[in-house]
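Everything below concerns the one structure shown next.
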Amino acid sequence: MLEDPPAVFRSGTSVASAIEVLRDTVKQRMVTYLFVVDRDNHLLGVAAFRELLYAEKMQTLDEVMIRGAFALRPTMQLVDAMKEVVTRHYPVYPVCEEDGTLVGQVRGQVLFEQQAFEISAQAGAMVGVEKEERLATPLMRSFKFRHPWLQINLLTVFVSAAVVGMFEDTIDKIVVLAMFLPVLGGQSGNLGCQAMAVLLRGMTLGELKGMPIIKLIGKEAMLGLMNGVVTGALAGVAMYIVAGRESGADPFGLALITMGAMAFSCTLAGIAGTSIPLVLKRLGADPATASSIFLTTITDVVSMGSFLGLCTYLLL
């Protein structure tokens, strides 16, 4: 995002000399600030372009500039830079090395546009859509971007199907269970995505620094448990009503199992939704990349496995 600053002047340059030089510069580029440097290119101060209108021509830039101007570092991550500039809102920021050597400038508009792009790209990255893909991306390029992740998703779906297949006899004996499998999988999956969305937003805004990870995971686990108990109770009532129409079924037992499985799977979904991006980041991967694919697999396996497993070992 760096660009060469259009107006760099040596300390001691007069206002009249700076104006004369800028006559041609402003025809080609927009000048917001004049950067005043010493002979070693260390930034001494910044003078706003409009200040030249009010300054005496024989004054030097040193007399009208702001000393100790705020500057960014060239190696700064976007998240860290945004935290520094979010309360300043300057149109242009000088970029200097640790020793104060001026290396360029970056426009505030560019920073905020890039940050908005990073946030908007998260939703696509979570399901395997590359950040480079746009509406105008050619057909075959979009296919190459998306297809590998769909192959991975297919593999994970087979894992979920294998878990259900392990309890085929249970489903044959209590057919009503098949109706509630999507309920548990969908509810826990959505709850995990909520936890993941909050964590990814926190990563993007740099809110994770100094925050205990265990405390964060514990909070999401508790939220999952609370939501799981409430939604599980409602799902249990529905199970009681539906199972009551089935001959040979135990409506009360199935209702309790539905509630317990929902609470357990939602708790684990909250933990997984928080942990998966953190693990991907620790491994050096993009925390948002296809994270929902792994999350969906975990929530499907846990919710369906716990539900069918409890029914098998407690009722049959």
Quiz item: How high is the FRET efficiency between VAL31 and VAL79 when r is their beta carbon distance and R₀ equals 30 Å, given to the nearest 0.05?
Solution: 0.55
Quiz item: Local charge sum around GLU3 (other residues, Cβ-Cβ under 15 Å, Lys/Arg +1, Asp/Glu -1)?
Solution: 0
Quiz item: Could you give the length gained on full extension between THR87 and LEU316, defined as 0.36 nm per residue of separation minus the Cα-Cα distance, in nm?
Solution: 76.1 nm
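With charges only on Cβ, +1 for K and R and -1 for D and E, what is the dipole size of the chain about its Cα centre, in debye, rounded to 20?
On the way: 25 positive and 29 negative charges, 56 e Å.
It works out to roughly 260 debye.
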Quiz item: Among all the lysines, which ones have a C-alpha under 25 Å from LYS57's C-alpha, if same-chain residues fewer than 8 places away are not counted?
Solution: LYS27
Practice problem: Would you mind computing, in nm to one decimal, how far apart the modelled labels at LYS215 and MET179 are, each placed 7 Å from Cα along Cα→Cβ? | Solution: 4.6
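Please work out the average accessible area per residue across the stretch 14-103, using the 1.4 Å probe convention, and give it in Å².
Numbers: 5480 Å² over 90 residues.
Heavy-atom SASA per residue in the stretch 14-103 reads 61 Å².
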Exercise. Just grab the label-to-label distance for ALA16 and LEU278, each label 7 Å out from Cα along the Cβ direction, in nm (one decimal).
Key: 6.6
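For a 27 Å ceiling on Cα separation, which of these pairs sit above it: LYS219/LYS281; LYS83/LYS281; LYS215/LYS281; LYS83/LYS215? Walk me through the intermediate numbers first.
Numbers: LYS219/LYS281 20 Å; LYS83/LYS281 20 Å; LYS215/LYS281 18 Å; LYS83/LYS215 23 Å.
Long pairs (Cα-Cα over 27 Å): none in the table.
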Exercise. Within the stretch 46-85, which residues have the backbone N less than 18 Å from the label spot 7 Å out from ASP40 along Cα→beta-carbon, could you tell me?
Key: 68-69
Quiz item: Once label points are set 7 Å from the Cα along Cα→Cβ at both THR156 and ALA238, what is their separation, rounded to one decimal in nm?
Solution: 2.4
Exercise. Would you list which aspartates and glutamates come within 14 Å of LYS209, measuring only between C-alpha atoms, while excluding same-chain residues fewer than 8 positions from it?
Key: ASP80
Exercise. At a Cα cut-off below 22 Å, give the lysines reachable from LYS144, other chains included and same-chain residues fewer than 8 away excluded.
Key: LYS131
Quiz item: Accessible area of VAL64, 1.4 Å probe, to the nearest 10 Å²?
Solution: 30
Practice problem: Note the angle between two axes, namely the Cα long axis of helix 15-25 and the longest principal axis of the Cα atoms of the chain, as a number of degrees from 0 to 90, rounded to the nearest 10. | Solution: 60
Quiz item: Expressed in nm to one decimal, what extension gain is obtained for the pair ASP169 and VAL8 from 0.36 nm per residue of sequence separation less their Cα-Cα distance?
Solution: 50.1 nm
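All other residues with a Cβ under 15 Å from the Cβ of PHE264 taken together, and with Lys, Arg as +1 and Asp, Glu as -1, what is their net charge? List each step's numbers first, then the result.
Details: positive: none; negative: GLU220, ASP300.
Counting the neighbours of PHE264, the net charge comes to -2.
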Quiz item: At a Förster radius of 51 Å, what calculated FRET efficiency corresponds to the Cβ-Cβ distance of SER142 and ARG67, to the nearest 0.05?
Solution: 0.50
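The values are calculated or read from the model by the stated rules, or taken from the named source; none is laboratory data. A quick note: this is a predicted structure, and the numbers were derived from the prediction, not measured. Please note: Cβ atoms are built from the backbone with ideal geometry, for glycine as well, and neighbour counts cover all protein chains shown. The area values use the complete protein model at the heavy-atom level, side chains included, leaving out ligands, DNA and RNA. Shrake-Rupley method; radii C 1.70, N 1.55, O 1.52, S 1.80 Å.
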